[in-house]
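Taking it in order: structure first as structure tokens, then the write-up.
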Amino acid sequence: MPFLAAYPGVFPAGLSYDHPVSTLDILPTVAALTGAKPPAQLDGVNLTPFLIGRQKTPPHAALFFSIGGFGAVRQDQWKLVLAPDGTPALFDLVRDFEEKRDLASTEPDRVKELTAKWKSWRAQMPAPVQPAGKTKQTPRAPSE
């Protein structure tokens, strides 16, 4: 998903940054640029050193997601999606950015590696909180 950021005099005009970032990076970035202190233990990172070229490595080794019972991990060109029942789907986003060709059956070692990373990340996350006034159960993440 494209993302646009502008800060004249700080971010270079016309910069195209190709590494994956997250909306979770917005708060730490804005906090750093304004001198505010963000809350501790944020998942996001301050993108400023990356966008101005001071930091050359990608800001995230991997990005993890859990929503509506689904899980996902994005690492390098790979995206693993875990259905609520734990069924994996694996995509090579360089060769298949539309995610039409599921490679889970031909890349079992990569599925195993990314699934383990996702489960390790998920184990560190707090349990989902049920919003007040809701009676329906929030779907659990895959294989929980």
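Just checking, which of 45, 21, 73 is under 16 Å from the mean Cα position of the chain (by Cα) and closer than 28 Å to residue 130 by Cβ?
After ruling out the rest, the residue left standing is 73.
Among the candidates 43, 25, 85, the residue that is part of a loop (DSSP other than H, G, I, E, B), in the same structural domain as residue 12 (by TED's automatic domain parsing) and of a type outside the set (Val, Ile, Thr) is uniquely 43. Out of the residues in region 21-45 meeting the condition of being under 20 Å from residue 74 (Cβ atoms) and in contact with a helix residue (DSSP H, G or I) (Cβ under 7 Å, 6 or more places away or on another chain), tell me which one is surrounded by the most Cβ atoms within 10 Å (Cβ to Cβ). Taking the candidates together, the pick is 29. Against the numbered list (1) within 24 Å of residue 77 (Cα to Cα); (2) in a helix (DSSP H, G or I); (3) not basic (Lys, Arg), residue 18 comes up short only at (2). Among the candidates 94, 81, the residue that is loosely packed, with under 14 Cβ neighbours inside 10 Å and either among the aliphatic types (A, V, I, L, M) or at pLDDT 90 or above (or both) is uniquely 94.
The values are calculated or read from the model by the stated rules, or taken from the named source; none is laboratory data. Predicted model, so just to flag it, every value in this text is computed and none were measured. Using ideal geometry, Cβ is built from the backbone for each residue, glycine included, and neighbour counts are taken over all protein chains shown.
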